[in-house]
Each structure stands twice: as C-alpha cells, then as structure tokens.
Amino acid sequence: MVRIKRLVLDVLKPHQPDALECTKALARLGVDYRIKLTMTEMDERTQTLQIVIQGEDLDFERIKETITNMGCSLRSIDEVEATGAPGTTTES
C-alpha cells in the first residue's frame, strides 16, 4: 500500500470563500493534516493559490472534492511525496 505524505497543489479560487475558510475546510479532512496556503497571484475575480498539504496518509479524492465544493479549480499537482507501506512489493 502506498501512502501519500505531501501534496503541492496549484489551485484557482474565487475571492470567496476566503483563504482562512479554505484552509480550515482542508484541515478538517484529517486529524494530522497540515495545510500551508500561499496566494501567488490575484486579479479582479480569482486568486491563484499554492496549497501544501502534509499528513501520514492523505486522501487525494476527498481533498479534490473539497476543493471543487468550495468553487475552486485544481489546476495542477506540482509535487507529490509518497511512501510504500511495510510489506509492499513490486511485481515485474
């Protein structure tokens, strides 16, 4: 089993909800989720965000769903850090 430990996401969001609400919504997804949200660009209608999410076993589908439900758009996955669980083997 592979566990996702860290994601760096490029997200486009409207001005509302604000950055604090977005951060809280993502942090609620896991008791050990650590969120760092940085606004990298802003125009009249949208903000471009870099969101770094760290935890022991990130649930990407729930993260993506939460981002979408806030009216945001996931533009790209810029970084991923993952580990294999003990007993994980590869097949040729």
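The values are calculated or read from the model by the stated rules, or taken from the named source; none is laboratory data. Every value quoted in this text rests on a predicted model; they were computed, and no experiment measured them. We place every Cβ from the backbone using ideal geometry, glycine too, and count neighbours over all the protein chains shown.
Quick rundown of the values:
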quantity	calculated
Count of the range 27-52 residues which are part of a loop (DSSP other than H, G, I, E, B), in contact with a strand residue (DSSP E or B) (Cβ under 9 Å, 6 or more places away or on another chain) and acidic (Asp, Glu)	1
Residue that is surrounded by 12 or more Cβ atoms within 10 Å (Cβ to Cβ) and free of Cβ contacts under 8 Å to residues at least 40 places away in the same chain, where the choices are Thr48, Thr66	Thr48
Filtered residues of the range 1-24 (kept if over 18 Å from Glu79 (Cα atoms), crowded, with 16+ Cβ neighbours inside 10 Å and either touching a Gly at 6+ places or on another chain (Cβ under 9 Å) or of a type in the set (A, V, I, L, M) (or both))	Lys13
Flag for Val8 being modelled with pLDDT under 95, out of contact with any Phe, Trp or Tyr (no Cβ under 8 Å at 6 or more places or on another chain), under 23 Å from Ala82 (Cα atoms) and among the β-branched types (Val, Ile, Thr)	no
